[in-house]
Amino acid sequence: MLLKCDELIPERKKHIVRKGEKGCGKGKGKPCEISCNVPTTPGDMTERGCTFAGCRGVVGGPVKDVIHITHGPIGCAAYSWGYRPHLADSDFHMKYIFVSDIEEKDIIFGGEKKLLNSILEANKEFPEVKGVFIYNTCSPALIGDDGKDVAKIASEKIKKPVIFFPCEGFRGVSQSQGHHVGNLTIFRDLVGTAEPDAPSAYGINLVGEYNIKGDMNNILPLFQEMGVDVITAFTGNASIDDLKVMHRAKLNVVHCTRSATYIAEMMKEEYGTPYIDVTLWGIENTSAALRETAKFFGLEKEAERVIAREIEYIKPKIEYYKERLAGKHVFIYQGAPRAWHWVQLMHELGMEVIAAATTFGHVDDYEKIFQKVKEGTLVVDNPNALEIEEILEEFKPDLFIAGNKEKYISYKMGQPFVNGHTYDSGPYAGFRGMIKFARDMDKAINSPVWKLVKEKANRMEVL
Ligand code: CFM
C-alpha cells in the first residue's frame with residue numbers, strides 16, 4: 001500500500017503491506033510478498049546504517065580485549081563510537097576510540113603508512129591488548145589502500161593477530177552486509193586457531209548474542225544451571241581468545257539469526273557443528289530454547305527444573321503487569337529479528353502487535369513476521385521518518401517500541417515509547433528480563449505525563 005507521505009516516491013508501495021491485503025496470508029498457500037533487502041530508493045530518507053556500521057558496531061565491536069581501529073576519516077570513528085551499549089567487563093571501549101584519521105592528503109598519496117603507524121602507536125599505548133581489528137571504510141577502499149597487507153605487516157611487528165575487515169560502507173544495501181563480512185572474517189581468520197584448555201562435552205556457543213545492557217547476566221545462568229557450558233558468546237563480552245576456540249563447541253545456539261547465522265552455517269560445513277535457532281525473550285520462547293538445548297545433551301530434567309523455578313519466580317510479577325497492559329496496541333520497529341522475536345512476548349502480556357517494521361530484514365525475517373502477526377497488521381520494510389510519523393498518527397498505537405532515531409519524534413508527538421535496541425532500563429532477555437521489559441512498557445504507557453504533554457501542546461496551538 002502507499003502511504004500519503006510517499007506520493008513522490010511511489011516505489012515505497014512494494015515495501016508496505018497489510019496482512020490480509022490482496023489475499024496475503026489468507027487461507028493456505030498465499031504468501032505475503034514484501035520488497036526487502038534491496039537498495040533504498042533515491043530520495044527516500046532511510047534510517048539504515050552502512051556495512052561498516054554492521055561490522056564494526058554490531059559484530060566486531062563487542063570484542064573486549066582488542067583495539068578496534070577505523071581505517072578512514074575521523075567522522076566514521078566518532079559516529080560509530082559508544083552508541084550501542086554492549087556491556088563488557090572492561091570499560092576500555094567506552095573510554096577510547098582509535099582511527100587512522102584519513103585526510104585529503106592521504107586520499108591523494110595513500111593511507112597505508114598512516115594505518116600501519118596508527119596500529120603500532122595504539123599497540124604501544126595499550127600493550128595489554130590481545131590483538132587489533134581494522135575496519136575499512138569507503139574512502140581508503142575507493143583509493144585502493146591494501147589494508148589486508150598492512151594487517152599482515154603489523155601482525156608480524158607486534159606479534160599479535162591483526163584482523164582486517166573489508167567492511168567499506170558502500171558494499172551492501174544496509175548494515176546487514178556488515179554482519180556478513182564480520183562473520184566471514186572472524187571465521188576465516190580466528191575460529192580454529194587455538195584449542196581450549198579444557199574441552200567440554202556440554203559446550204555451546206551462544207551465537208548472535210551481544211550482551212545489550214547486560215542481557216547475558218540473565219541468559220548465562222540458565223544454561224549453566226542446566227549443566228551446559230557456554231564456551232563463547234559471539235560476540236557479547238567476548239575475548240579474542242574465545243573466538244579462536246569456537247570450533248570446539250558441540251552445538252551453536254543462534255539468538256540473532258539475522259546477524260550471525262552465517263558463522264553457524266560455516267561451522268556446520270567446516271566442523272560439522274549443528275545449530276539451533278532460539279528466541280531468548282519471553283516465557284514460552286525462553287523455555288523452548290532451554291528445552292531444545294537440553295534435548296541435544298540429554299539434560300531434559302535439569303532444564304525443567306530451571307524453567308519451573310524461573311516461571312514460579314516471575315509469574316506473579318508478570319500477572320501484575322499483564323493487568324495493566326492487556327489490550328494495548330503495539331508498533332514494533334527494530335533492525336530485523338526483534339520485530340518477530342517479540343510478537344509472542346506481547347501476546348503473553350495480553351498486548352497486540354498492530355504494526356511491525358524492520359530496517360534491514362531479509363525474506364526470512366518477513367516470513368516470520370507475517371506468520372506471527374494477526375490479519376490487518378501493517379508490515380513495513382525500511383521505513384523513513386515521515387512514514388513513521390504517519391503510521392503513529394493513523395494507526396495510533398498505545399506503545400511504540402523502536403530505537404534512538406525514533407525516540408525524540410515519539411516524545412514530541414506525545415507517543416508512549418520504549419527503546420527496544422538499547423533498552424530503557426534492561427536487560428530484557430531471559431525470564432527475569434521480561435519483568436523489566438513489562439515494567440518499562442507499563443511506565444511508558446501508563447505514565448500521566450503524556451496526558452499533560454498533549455494538553456499543553458493543544459493549549460500552545462490555541463495560543
Ligand atoms: Fe541482531 Fe541485534 Fe537485531 Fe542486529 Fe542492530 Fe541490536 Fe537490532 Mo539495534 S544484532 S539484527 S544490527 S538483534 S543493534 S543487538 S537492536 S538493529 S533487531
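Each reported figure results from applying straightforward, stated rules to the coordinates on display, with no laboratory input. Small disclaimer: the values here were computed from a predicted structure and weren't measured. So basically every Cβ, Gly included, is an ideal-geometry build from the backbone, and we count neighbours across all protein chains shown.
Some points to look at:
- Only one of Gln224, Gln175 that is surrounded by fewer than 23 Cβ atoms within 10 Å (Cβ to Cβ) and of a type in the set (S, T, N, Q): Gln224
- Positions within segment 95-109 being more than 19 Å from Arg56 (Cβ to Cβ) and either part of a helix (DSSP H, G or I) or touching a Ser or Thr at 6+ places or on another chain (Cβ under 7 Å) (or both), in sequence order: Glu104, Lys105, Asp106, Ile107, Ile108, Phe109
- Only one of the numbered conditions (1) touching a residue at least 60 places away in the same chain (Cβ under 8 Å); (2) away from the ligand (no atom under 16 Å from the Cβ) is not met by Phe296, and that is (1).
- Among the residues listed as Phe133, Phe170, the single one being outside any helix (DSSP H, G or I) and under 28 Å from the mean Cα position of the chain (by Cα): Phe133
- When Ala308 is tested against (1) within 15 Å of the ligand (Cβ to nearest atom); (2) of a type outside the set (D, E, K, R); (3) without any contact (Cβ under 8 Å) to a residue 24 or more places away in the chain, exactly one condition is not met: (1).
- Among residues that are part of a helix (DSSP H, G or I) and crowded, with 18+ Cβ neighbours inside 10 Å, Val58 is included.
- Filtering segment 409-428 for residues that are in contact with a Pro (Cβ under 7 Å, 6 or more places away or on another chain) and either within 17 Å of Gln334 (Cα to Cα) or assigned to a helix (DSSP H, G or I) (or both) leaves a non-empty set.
- Qualifying residue in segment 211-230 (condition: among the polar types (S, T, N, Q), closer than 20 Å to Pro337 by Cβ, in contact (Cβ under 8 Å) with a residue 12 or more places away in the chain and in contact with a Lys or Arg (Cβ under 9 Å, 6 or more places away or on another chain)): yes
- Residue match in segment 14-37 (condition: touching a residue at least 40 places away in the same chain (Cβ under 8 Å), in a loop (DSSP other than H, G, I, E, B) and either more than 21 Å from Val380 (Cα to Cα) or within 14 Å of the ligand (Cβ to nearest atom) (or both)): yes
- Out of Thr46, Thr51, Thr41, sole residue that is without any contact (Cβ under 8 Å) to a residue 60 or more places away in the chain and surrounded by 16 or more Cβ atoms within 10 Å (Cβ to Cβ): Thr41
- Scanning segment 231-257 for residues being within 23 Å of Phe133 (Cα to Cα), touching a residue at least 40 places away in the same chain (Cβ under 8 Å) and hydroxyl-bearing (Ser, Thr, Tyr) gives a total of 2.
- Scanning segment 38-79 for residues that are within 12 Å of the ligand (Cβ to nearest atom) and either in contact with a Leu (Cβ under 6 Å, 6 or more places away or on another chain) or closer than 29 Å to Glu389 by Cα (or both) turns up Glu47, Arg48, Gly49, Cys50, Thr51, Ala53, Gly54, Gly57, Val58.
- Strands (runs of 3 or more DSSP E) contained entirely in segment 184-277, each with at least 3 residues that are within 16 Å of the ligand (Cβ to nearest atom) and in contact with a Cys (Cβ under 6 Å, 6 or more places away or on another chain): none
- All conditions in (1) over 29 Å from Asn37 (Cα atoms); (2) surrounded by 22 or more Cβ atoms within 10 Å (Cβ to Cβ); (3) in contact with an Asp or Glu (Cβ under 7 Å, 6 or more places away or on another chain) hold for Asp242, with the sole exception of (3).
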